[in-house]
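Just below is one structure, and these are the notes that go with it.
Quick note: the coordinates plus some simple rules give every number you see, no bench work behind them. Fair warning: this is a prediction, and the values are worked out from it, not measured in the lab. Note that we place each Cβ from the backbone using ideal geometry, even for glycine, and neighbour counts take in every protein chain shown.
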Amino acid sequence: MLSTIKYFISASLIFLAAFFAQGQEKKPPKAKKNYIPTGLRVGTDLIDIGKTVSSNTFTGWEVNGDVDFANYYLAADVGSWGKDIALANGDYHNSGTYYRVGIDVNLLGKDPDKNMFFLGFRAGHSSFNESVTYHTTPSHLFSPLDTTLTNPSATGNWAELTNGLRVKIWKGLWLGYTARMKFAPTTHGSPNFATYDLPGYGVVQKSLWWGFNYQVFWRFAWKKDKVLLEKK
Amino acid sequence: MKFAVFLLIGVLFGSCFNDGNCIITATNYMHIQFKKETTKTDSALDLTTIYISGADSILAVNAATKEILLPLDIHHPTTLFILQRSNAAKSGLVSDTLLVGYTAQSKVITKECGAFTYYRDLKILYANRKDIKAFSTSLLTDPTLYVAGSVNYQAYAVNYQIFY
């Protein structure tokens, strides 16, 4: 966990420093903020696609989108995931859909291409089902027990702090990543079955959980972003 | 260059997932301590046998003990215990009856550890002894307190104290 946090902070600081240094070299004129949206960026998570293709235990996809309001972005993610996990004493399966909604703040507000290094927040919600089958071997006084339980219509909520990059590669093509620090998961379902893996969140436990998206986007721009110069 | 940077970040964050530790605190053993009614101090009972509903056999004790771990029937939501003990005052055997109810909750710890059943909401449905003090309503054990080859009562949460 400590090493994860170190990676997270180090990577963030490196990119922050790099982009601010770039900004200092060019010294662009100070721009007035224009809060009228200039485009919609829609993308997908390549990691989910890769895992779905390469693994027979995970099936999932995620679509990401954001709209700019100056250096603030209204961001939303919609996705689905299902997992088949072989346990030491049984099997676990889940399947569900989720969405996240939140705000990203672009710390590179002066970048003419609207490249982003951002910090943000998300609220997530998931609707899912899960089932578990496992074998219990008790003391010699009782016979072994095979337990099968389902959580047919469970829901869950959580919050995330996000950090990431969006970089314009060519015309409307963008690449980016989003690192997610997930916390405060709550679940509602069968009281006899504690949720293990919450779609969109991950393993439900007391400590933090981490997520990472490696994304490709296409930006549909309906308005050329004007850099308004302040009159001196 | 941009592609190389993205690849590097992907590798960095690809290792950000761990599945927690394999610490299993689930148990089906209920921890009961015996106390003297007058002094509230430990009281060693001369238990001879214990009948446990749903069990394959009767538990033979034949020893004086001031606490005991009793296994709950994992196949049913209630377990009946009949504790038979020697009573010098009455020059014979005396039986105490205890019927407990509970709920079970399944939890997957990790894929390497597996899934386990946690017993909670423990309550006495019937007891012929009335002076019973309840403590934890969950059956829990601390795996770090296990002592190989012997029973360490300290590793189990105390559920009831029965006063004699």
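If you plug each phi of segment A:146-151 into the Karplus form 6.51 cos²θ - 1.76 cosθ + 1.60 with θ = phi - 60°, what whole-Hz ³J(HN,Hα) values come out, in order, with x for Gly and Pro?
Those phi angles translate into 9, 10, 10, 9, 10, 10 Hz.
Step through the residues of segment B:112-119 one at a time and calculate ³J(HN,Hα) from phi using the Karplus curve (6.51 cos²θ - 1.76 cosθ + 1.60, θ = phi - 60°), rounding each to whole Hz and writing x for Gly and Pro.
Calculated HN-Hα couplings, in order: 6, 7, x, 9, 9, 9, 9, 9 Hz.
Taking the Cβ of each residue in A:V204, A:V101 as the centre, tally the other Cβ atoms inside 10 Å and list the residues starting with the fewest.
Working: A:V204 19, A:V101 14.
Ascending number of Cβ neighbours within 10 Å: A:V101, A:V204.
If you average the alpha carbon positions of segment B:76-123 and of segment A:41-57, how far apart do those two centres end up, in angstrom?
Taking the Cα centre of each part, segment B:76-123 and segment A:41-57 sit 48 Å apart.
Would you please give the FRET efficiency between B:D131 and B:A63, computed as 1/(1 + (r/R0)^6) with r the Cβ-Cβ distance and R0 = 30 Å, to the nearest 0.05? Intermediate values should be presented prior to the final figure.
Numbers: r = 23 Å, r/R0 = 0.77.
Computed FRET efficiency for B:D131 and B:A63 comes out at 0.85.
Return A:D68, A:D91 ranked ascending by Cβ neighbour count within 10 Å, so the fewest neighbours appear first.
Numbers: A:D68 23, A:D91 15.
With the sparsest Cβ surroundings first, the list reads A:D91, A:D68.
Determine the calculated [θ] at 222 nm for chain B from helices alone, applying -39500 (n - 2.57) to every DSSP H run no shorter than 4 residues and normalising by the residue count; nearest 500 deg cm²/dmol.
On the way: 1 runs with 13 residues, N = 164.
Taking each H run of at least 4 residues, the total per residue is -2500 deg cm²/dmol.
Place the peptides B:51-62, B:94-105 in order of packing, highest mean first, counting for every residue the other Cβ atoms within 10 Å and averaging per peptide.
Numbers: B:51-62: 14.0, B:94-105: 17.3.
Listed from highest to lowest mean packing, they are B:94-105, B:51-62.
Between B:Q154 and A:A221, how many nm apart are label points set 7 Å from Cα along the C-beta direction?
Once both label points are built, they end up 7.0 nm from each other.
Taking the Cα centre of segment A:35-88 as origin, sum charge times position over the Cβ atoms of Lys and Arg (+1) and Asp and Glu (-1), and report the length of that vector in debye to the nearest 20. Please report the intermediate quantities before stating the final value.
Values: 3 positive and 7 negative charges, 19 e Å.
So the dipole magnitude of segment A:35-88 works out to roughly 100 debye.
What ranking do B:K130, A:K110, A:K33 get, fewest neighbouring Cβ atoms within 10 angstrom at the top?
Numbers: B:K130 7, A:K110 16, A:K33 10.
By the 10 Å Cβ count, ascending: B:K130, A:K33, A:K110.
Test of understanding: what is the full-extension gain from A:N115 to A:N129, defined as 0.36 nm times their sequence separation minus their Cα-Cα distance? Display every interim value, and only then the final one.
Details: separation 14, 0.36 × 14 = 5.04 nm, distance 3.85 nm.
Extending this stretch completely gives an extra 1.2 nm.
Using only the alpha-carbon atoms, how far is helix B:2-14 inclined from the longest principal axis of chain B? Give it as 0 to 90 degrees, nearest 10.
Long axis of B:2-14 versus the principal axis of chain B: about 10 degrees.
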